[in-house]
Amino acid sequence: MNANAETTMIHAEHVSKRFGRATEACQTLSDVSLQIDRGESVAIIGGSGSGKSTLVRILLGLENADSGTVEYRGQTVHGRHSPGWRLLRRESGLVLQNPFTSLDPRWTIARSIYEPLRVAGIRGRKEMAAAAESALEQVGLEPDQFMGRYPIDLSGGQAQRAAIARAVVTNPALLVADEPMSAIDVAARLQILDSFAALRRSHPGMALIMVSHDLGVVRRIAERIVVLHEGVVVESGPTAAILEHPRHDYTKRLIDAASL
């Protein structure tokens, strides 16, 4: 891979990670390399324990690799004092699996969405309100109805869309969603899928990394798939090619299991 800081958002080469000590150590990632470009939507898929979440944490600088390199827009990501880590903090948004653990139950939705704006140095009340209202509208939530509510007042789907609004309110260059549908009922998933589609249209330059085991979600959102199995990338390529003509036995098993 040839990283280009103008078009490449994430560039990882030969990333490996072990947890534990000596003979009890578990090899979570082995020699993983990938590249994610500006405006690209990439899904990382694999079964439980495949290393998906560990890889994402390393890509975001929340965990350091034992070996290999990670760059964000050409800047090294390794530790909180690295230039890539600082740039990532300013330019990325994160959506977690369960919105009720990521939204502070003591805060209104407005305050939760204001928080990343304050961290970014935006303090003006009118400016924050306008940005929060725009973010809520992008995910299909009416600001007048939701700004003053608390997480307990929301359904799971509404709470997740509020969490997505918080993640994109600063117009991030990179959005990472780690299993954003797994704690949401089936009916609400379509609304969340529509929210991601709307965000992709309104932020065409934003790169999206989606970690998911739901191949229906992946088909709707991702342009490219990276398949992880036991910490190794066993297959990657355009979404349609991977899902319709898988080459690796493990990918075939994932697809067969999803159709049961």
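Filtering the stretch 187-218 to residues that are buried (at least 16 other Cβ atoms within 10 Å of the Cβ) and in a helix (DSSP H, G or I) leaves A188, R189, Q191, I192, L193, S195, F196, L199, R200, L215, V217, V218. Inspect the stretch 133-149 for any residue being under 28 Å from G231 (Cβ atoms) and out of contact with any helix residue (DSSP H, G or I) (no Cβ under 6 Å at 6 or more places or on another chain) and give the result as yes or no. Checking the stretch 133-149: not a single residue is under 28 Å from G231 (Cβ atoms) and out of contact with any helix residue (DSSP H, G or I) (no Cβ under 6 Å at 6 or more places or on another chain).
Tell me yes or no: at least one residue of the stretch 232-242 is part of a loop (DSSP other than H, G, I, E, B), modelled with pLDDT of 95 or more and not polar (S, T, N, Q).
Step one: of the stretch 232-242, the residues part of a loop (DSSP other than H, G, I, E, B) are none.
No, the conditions are met nowhere in the stretch 232-242.
Give the residue, chosen from A43, A65, that is part of a loop (DSSP other than H, G, I, E, B) and under 20 Å from the mean Cα position of the chain (by Cα).
Numbers: A43 fails: part of a loop (DSSP other than H, G, I, E, B).
Unique residue meeting the criteria: A65.
The set of residues in the stretch 101-157 being in contact with a Pro (Cβ under 6 Å, 6 or more places away or on another chain) and either crowded, with 19+ Cβ neighbours inside 10 Å or modelled with pLDDT under 95 (or both) consists of L103, E133, L136, P151.
With the stretch 89-149 as the region, which helices (runs of 4 or more DSSP H) entirely inside it contain at least 3 residues that are without any contact (Cβ under 8 Å) to a residue 40 or more places away in the chain and within 28 Å of D37 (Cβ to Cβ)?
Details: elements: 99-102, 109-119, 125-138, 143-146.
Those helices (runs of 4 or more DSSP H) span 125-138.
The values are calculated or read from the model by the stated rules, or taken from the named source; none is laboratory data. Every value quoted in this text rests on a predicted model; they were computed, and no experiment measured them. Positions of Cβ are generated from backbone atoms using ideal geometry, with glycine treated the same way; all protein chains shown enter the neighbour counts.
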